[in-house]
Amino acid sequence: MLEKSQVKAKEWVAKAIAFYGASGEEIAVAEFTNSQGPFVQDEMYIFVLDKKGTMIAHGVNEKFIGKNFIDLKDAAGKSFIREIIDTANTEGKGWIDYQWYNPVNKETKPKSVYFEKVNDLIFCSGIYIERLLDLISYNLEFISHRGGMHLQ
């Protein structure tokens with residue numbers, strides 16, 4: 001299930017980037033911010049940051065637009081926006097994990113966000129890791145990809 005969700009997050013980012021390329025920034029940003037539009041579904045949505053951490057578009061909270069979130073921390077104190085910006089500026093894309101408020105069930109949950117940088121914009125979409133087995137599977141996969149631990 002987690003793999004399918006991760007694929008969906010990547011597909012959403014690719015779809016958002018394609019829409020941005022076809023329609024231009026002004027129309028794309030308006031559509032990404034439309035909470036009833038095609039880039040918001042249940043707990044999945046697109047958000048877009050500039051290279052300094054300013055929110056350009058947000059699918060579930062338009063009040064975030066124009067505000068700088070570079071120093072925002074999650075429920076555990078992690079500067080996840082700074083990590084997204086730093087990784088996007090050095091590697092162009094990636095995954096970041098953090099604790100975030102789920103707008104569907106109104107609880108803080110583990111979230112994993114996929115992002116890609118195009119020009120000076122960073123397109124993001126995340127998944128909430130709801131089930132303990134998903135979290136365990138995800139962490140084991142993370143460890144094995146990092147080569148930090150070999151499980152027997």
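Just a few scattered comments:
- Selection from the stretch 79-112 of residues that are modelled with pLDDT of 85 or more, surrounded by fewer than 17 Cβ atoms within 10 Å (Cβ to Cβ) and among the β-branched types (Val, Ile, Thr): Thr90, Thr108
- Unmet requirement for Val7, which otherwise passes all of (1) under 19 Å from Ser112 (Cβ atoms); (2) touching a residue at least 24 places away in the same chain (Cβ under 8 Å): (2)
- Test: residue in the stretch 7-24 that is assigned to a loop (DSSP other than H, G, I, E, B), under 21 Å from Ile129 (Cβ atoms) and not acidic (Asp, Glu): no
- Pairs where the first residue, in the stretch 14-31, is farther than 16 Å from Lys117 by Cα and in contact (Cβ under 8 Å) with a residue 12 or more places away in the chain and the second is among the hydrophobic types (A, V, I, L, M, F, W, C) and assigned to a helix (DSSP H, G or I), C-beta under 8 Å, 6+ apart: Glu31/Phe19
- Checking Glu31 against (1) within 20 Å of Glu107 (Cα to Cα); (2) in a helix (DSSP H, G or I); (3) not hydroxyl-bearing (Ser, Thr, Tyr), the condition it does not meet: (1)
- Single residue of Leu49, Leu121, Leu72 found to be surrounded by 20 or more Cβ atoms within 10 Å (Cβ to Cβ), more than 20 Å from Ser5 (Cα to Cα) and either more than 12 Å from the chain's Cα centre (by Cα) or of a type in the set (Val, Ile, Thr) (or both): Leu121
- Test: residue in the stretch 124-135 that is part of a helix (DSSP H, G or I), within 19 Å of the chain's Cα centre (by Cα) and either surrounded by 12 or more Cβ atoms within 10 Å (Cβ to Cβ) or at pLDDT 80 or above (or both): yes
- Tabulated pairs, the stretch 41-68, first on the phi > 0 side of the Ramachandran plot, second β-branched (Val, Ile, Thr) and in a loop (DSSP other than H, G, I, E, B), C-beta under 7 angstrom, 6+ apart or interchain: Asp42/Val104; Gly53/Ile70
The values are calculated or read from the model by the stated rules, or taken from the named source; none is laboratory data. These numbers come from a predicted model, not from an experiment. Here Cβ is always computed from backbone atoms with ideal geometry, including for glycine, and neighbour counts include all displayed protein chains.
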